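Inspection log for the structure reproduced underneath, given as structure tokens.
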Amino acid sequence: MSWARLVSGQGRPLVLLHGWGMESRVFASWRPLLDAHFTCISYDLPGHGQTPCAPSGLAWSASLERLRQMLAQEAPKPLLLGWSLGGLLALGIALQHPELLEGLVLVSSSPAFCQRPDWSPAIPAATLEDFAQRLREDPQGTRRRFLALQVLNDPQGRRALEGLSAWPMPDQTCLADGLRLLREVDLRSQLRRLPMPVHIVHGRQDRIVPVGASEYLHQHLTGSRFTLLEQAGHVPFLSHPQACTHALLETWG
């Protein structure tokens, strides 16, 4: 099953993957800045936006395989930008199939979103379990709560996210699958130098993914670049679109 695809702009191809509970139009207000430099190709993840929830849901292996098939059809080889959960998928495919990509951008992402005994810069397991329980009981309220966390201590981001809670709800099965990926996937042991430029972008005020997660990525994806935006939260491309565009152009200008 193909994922819904939206294309705009001109220049080298840049594929955009959104985060949990969102859809590709979360990038809409940023696209005009990107379109001057890149051909932007955004996908709706399974069960989000215009993409139905696949029979396999939002399973890790099936989603990476479908992403592999779609990236293989892009020509020339694209840059791949993943935000939050989208960054986890982007990192996963880059580690498995680096030959498909010209470069990788990880925004507000992590190699492991859930805390573990040896891993603290992440979301407590109890918080993710609470989200999963609330999702079963009150899907709309759970997404609203998650949106509020994304822009905590980020007034510009809060204004940018106004109205997003009125978007259609993603499929509940795929939402639950997404939370499962955030809870279970751990890519730390696979990190290595990738044969492509890698740029990591994170907001200091992020209250979902601690900045330590991106610092770890920067240390273990040898040769990567790291941009820390002091006043941004979890959605830096909405609250600080110019700075995020500049970060990309530093590497691919």
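The values are calculated or read from the model by the stated rules, or taken from the named source; none is laboratory data. If you're wondering where the values come from, they're calculated on a predicted model, not measured in any experiment. Glycine also receives a Cβ, built like all others from the backbone with ideal geometry; neighbour counts cover every protein chain displayed. To get the accessible areas, we keep the full protein, side chains included, count just its heavy atoms, and leave off ligands, DNA and RNA. Shrake-Rupley method; radii C 1.70, N 1.55, O 1.52, S 1.80 Å.
Answer yes or no: is there a residue in the range 11-24 that is free of Cβ contacts under 8 Å to residues at least 60 places away in the same chain, open to solvent by 10 Å² or more (accessible area, probe 1.4 Å) and under 16 Å from the mean Cα position of the chain (by Cα). Step through it out loud before you land on a result.
At the first step, the residues of the range 11-24 found to be free of Cβ contacts under 8 Å to residues at least 60 places away in the same chain are 11, 24.
This time we only want the ones that are open to solvent by 10 Å² or more (accessible area, probe 1.4 Å), so: 11, 24.
Adding the requirement that they be under 16 Å from the mean Cα position of the chain (by Cα) leaves 24.
Yes, the conditions are met somewhere in the range 11-24.
Look through Val198, Val211, Val185 and report the one residue that is farther than 26 Å from Ala59 by Cα and of a type in the set (Val, Ile, Thr). Step through it out loud before you land on a result.
Numbers: Val198 fails: farther than 26 Å from Ala59 by Cα; Val185 fails: farther than 26 Å from Ala59 by Cα.
Result of the check over Val198, Val211, Val185: Val211.
From the residues in the range 102-152 that are more than 30 Å from Thr227 (Cα to Cα) and basic (Lys, Arg), which one is surrounded by the fewest Cβ atoms within 10 Å (Cβ to Cβ)?
Residue satisfying both the conditions and the ranking: Arg136.
So the check is Cβ under 9 Å with 6+ separation or different chains; which pairs have a first residue in the range 209-230 that's of a type in the set (Lys, Arg) and a second one that's surrounded by 15 or more Cβ atoms within 10 Å (Cβ to Cβ) and in a strand (DSSP E or B)?
Arg225/Val198; Arg225/His199; Arg225/Ile200
Looking at the range 36-68 only, could you name the residues that are among the polar types (S, T, N, Q) and either farther than 17 Å from Leu80 by Cα or open to solvent by less than 10 Å² (accessible area, probe 1.4 Å) (or both)?
Initial filter on the range 36-68 (among the polar types (S, T, N, Q)): 39, 42, 50-51, 56, 61, 63.
Matches in the range 36-68: Ser42, Gln50, Thr51, Ser56, Ser61, Ser63.
Check whether at least one residue in the range 243-253 is modelled with pLDDT under 90 and over 27 Å from Thr51 (Cβ atoms), and report yes or no.
Here is the first cut: in the range 243-253, the ones modelled with pLDDT under 90 are 253.
Then drop every residue that is not over 27 Å from Thr51 (Cβ atoms), which leaves 253.
Yes, the range 243-253 has at least one match.
Conditions first: (1) in contact with a helix residue (DSSP H, G or I) (Cβ under 6 Å, 6 or more places away or on another chain); (2) surrounded by fewer than 24 Cβ atoms within 10 Å (Cβ to Cβ); (3) outside any helix (DSSP H, G or I). Leu33 passes all but one, so which condition is the exception?
If we test Leu33 against (1) in contact with a helix residue (DSSP H, G or I) (Cβ under 6 Å, 6 or more places away or on another chain); (2) surrounded by fewer than 24 Cβ atoms within 10 Å (Cβ to Cβ); (3) outside any helix (DSSP H, G or I), just (3) comes out false.
In the range 232-241, is there at least one residue being under 20 Å from Arg116 (Cβ atoms) and open to solvent by less than 10 Å² (accessible area, probe 1.4 Å)?
So in the range 232-241, the residues under 20 Å from Arg116 (Cβ atoms) come out as none.
Among the residues of the range 232-241, not one is under 20 Å from Arg116 (Cβ atoms) and open to solvent by less than 10 Å² (accessible area, probe 1.4 Å), which makes the answer no.
Condition first: aliphatic (A, V, I, L, M) and within 17 Å of the chain's Cα centre (by Cα). Now tell me which residues in the range 222-253 satisfy that. Lay out the reasoning, then the answer.
Here is the first cut: in the range 222-253, the residues aliphatic (A, V, I, L, M) are 228-229, 232, 235, 238, 243, 247-249.
Within the range 222-253, Leu228, Leu229, Ala232, Val235, Leu238, Ala247, Leu248 meet the criteria.
Yes/no matrix, rows are residues, columns are (1) in a loop (DSSP other than H, G, I, E, B); (2) under 22 Å from Ser109 (Cα atoms); (3) among the aliphatic types (A, V, I, L, M):
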{"position": "Met1", "(1), (2), (3)": "yes, no, yes"}
{"position": "Met22", "(1), (2), (3)": "yes, yes, yes"}
{"position": "Leu45", "(1), (2), (3)": "yes, yes, yes"}
{"position": "Gly49", "(1), (2), (3)": "yes, yes, no"}
{"position": "Pro52", "(1), (2), (3)": "yes, no, no"}
{"position": "Leu64", "(1), (2), (3)": "no, yes, yes"}
{"position": "Ala72", "(1), (2), (3)": "no, no, yes"}
{"position": "Gly82", "(1), (2), (3)": "no, yes, no"}
